[in-house]
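I have placed the structure first, in the form of structure tokens, so that the comments after it can refer back to it.
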Amino acid sequence: MKVLVIGGNRFVGLRLTHELAQDKSVDLNIVNRTGQAPHAPGAAVYKADRAHWKLSHIDRDWDVIVDFAAFNDTDVHGVLDYFRNIKRYIYISSVSVYDGGSALKESAFDAASFDLTQTPRPAPHAYQDGKRRAEAAFLKLCPFPTLSVRFPFLLGPDDYTRRLEFHVQRTEGGQPIYAPAPDSRFSVLHAEDACRFLKWSLTQDFHGPLNVAAATPLSLTQLFSKIEKRTGRKALLTQHQMPENRSPYGIGEDLYVDVDKLTELGFTARTWDKWLGELIEGASRNPASSNTKLH
């Protein structure tokens, strides 16, 4: 199987390419801005950016492309202008395409009805708008089957965003955390399960949008409870928002997805109660503190 991975040099993409590099049935190719992938010595690695595909001399025909680096419809146009015969295109999208809500099904954002002629939205909506535009471009313009994987917050010991560490270490240090609605629930997924899904989906034939998340959502209240039990320190919540104290999981309302379609396709992700405690322990500056009393 001839596979091209675009971007994804960190976190889930790094996990995926590391695993694929060890699979003898996969002819692994990677394209990124540096032209390096030391974790995948058997892969063919190309240096390129999305505006200059032709300069990279990358093949135009692939069994599967996994794209971590398309952030808007302009990026998609570059793909469509260059690649020719693709049996399966896997685009890494996000649950950010949704405005918010509970148990959101894939139909809650319909890329087919998105108007690509409208002016792109600026920050703070640029990321959501870009992902929506990319999904719409793939759906409306792409001649080959495309799967849009809507991932939620991803957690793992190799998470470069350090979102979990923010909560654990500020709690340990007695530093305040601002969360606008701590009982709001949000979808999560362990990076290991995200990688497992992507590897599995390489040989599947379903396409369209798909929510890929753990079935049970998480709230900051539940997260803080887990952190407090593991660290022995009480989380200090504040009503005063500062740039340095806002929770990166601090959503203002529920934002979690329905995964019935994912389950029907034959894939199940582990719920957060199976792995969150271990990640908190790993994020702690003093894991042994779990034996102390709350104070």
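Mind counting the residues in the stretch 87-104 that are out of contact with any Asp or Glu (no Cβ under 9 Å at 6 or more places or on another chain), small (Gly, Ala, Ser) and not in a strand (DSSP E or B)? The qualifying residues number 1.
Of all residues assigned to the stretch 271-280, none qualifies as being among the small types (Gly, Ala, Ser), assigned to a helix (DSSP H, G or I) and free of Cβ contacts under 8 Å to residues at least 24 places away in the same chain.
Residue-by-condition table, conditions (1) surrounded by 15 or more Cβ atoms within 10 Å (Cβ to Cβ); (2) within 19 Å of the chain's Cα centre (by Cα):
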position	(1), (2)
Lys229	no, no
Gln239	no, no
Met242	no, no
Tyr249	yes, yes
Gly252	no, no
Leu255	yes, yes
Lys261	yes, yes
Thr268	no, yes
Ala283	yes, no
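Each residue in the stretch 1-24 was checked for being closer than 24 Å to Val76 by Cβ and buried (at least 17 other Cβ atoms within 10 Å of the Cβ), and 14 pass.
Selection of first residues in the stretch 234-261 that are within 17 Å of Arg150 (Cα to Cα) and hydroxyl-bearing (Ser, Thr, Tyr) and of second residues that are modelled with pLDDT of 95 or more and in a loop (DSSP other than H, G, I, E, B), restricted to Cβ pairs under 7 Å at least 6 apart or on distinct chains, gives the following pairs, ordered by first then second residue: Tyr256/Ser187; Tyr256/Pro217.
Quick grid of which residues meet (1) of a type in the set (D, E, K, R); (2) exposed (fewer than 15 other Cβ atoms within 10 Å of the Cβ):
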site	(1), (2)
Ala111	no, no
Ala123	no, yes
Arg133	yes, no
Ala137	no, no
Leu141	no, yes
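Taking helices (runs of 4 or more DSSP H) as the structural unit, those lying wholly within the stretch 156-233 and holding at least 2 residues that are in contact with a Ser or Thr (Cβ under 6 Å, 6 or more places away or on another chain) and outside the structural domain of Asp110 (by TED's automatic domain parsing) correspond to 163-172, 220-231.
Within the stretch 78-96, the residues that satisfy the criterion of being touching a helix residue (DSSP H, G or I) at 6+ places or on another chain (Cβ under 7 Å) and in contact (Cβ under 8 Å) with a residue 60 or more places away in the chain are Leu80, Ile90, Ser93.
Of the residues that make up the stretch 122-145, is at least one within 13 Å of the chain's Cα centre (by Cα), outside any helix (DSSP H, G or I) and touching a residue at least 12 places away in the same chain (Cβ under 8 Å)? Scanning the stretch 122-145, I find no residue that is within 13 Å of the chain's Cα centre (by Cα), outside any helix (DSSP H, G or I) and touching a residue at least 12 places away in the same chain (Cβ under 8 Å), so the answer is no. Taken over the stretch 25-37, the criterion of being surrounded by fewer than 16 Cβ atoms within 10 Å (Cβ to Cβ) and either within 20 Å of Arg50 (Cβ to Cβ) or at pLDDT below 95 (or both) is satisfied by Arg33, Thr34, Gly35, Gln36.
Determine whether the stretch 117-125 contains at least one residue that is within 25 Å of Leu218 (Cβ to Cβ) and among the hydroxyl-bearing types (Ser, Thr, Tyr). No, the conditions are met nowhere in the stretch 117-125. Are there any strands (runs of 3 or more DSSP E) wholly within the stretch 1-80 with 1 or more residues that are under 22 Å from Phe144 (Cα atoms), and if so which? Here the list reads 2-6, 27-32, 61-67.
The values are calculated or read from the model by the stated rules, or taken from the named source; none is laboratory data. If you're wondering where the values come from, they're calculated on a predicted model, not measured in any experiment. All Cβ positions, glycine included, derive from the backbone under ideal geometry; neighbour counts span all protein chains shown.
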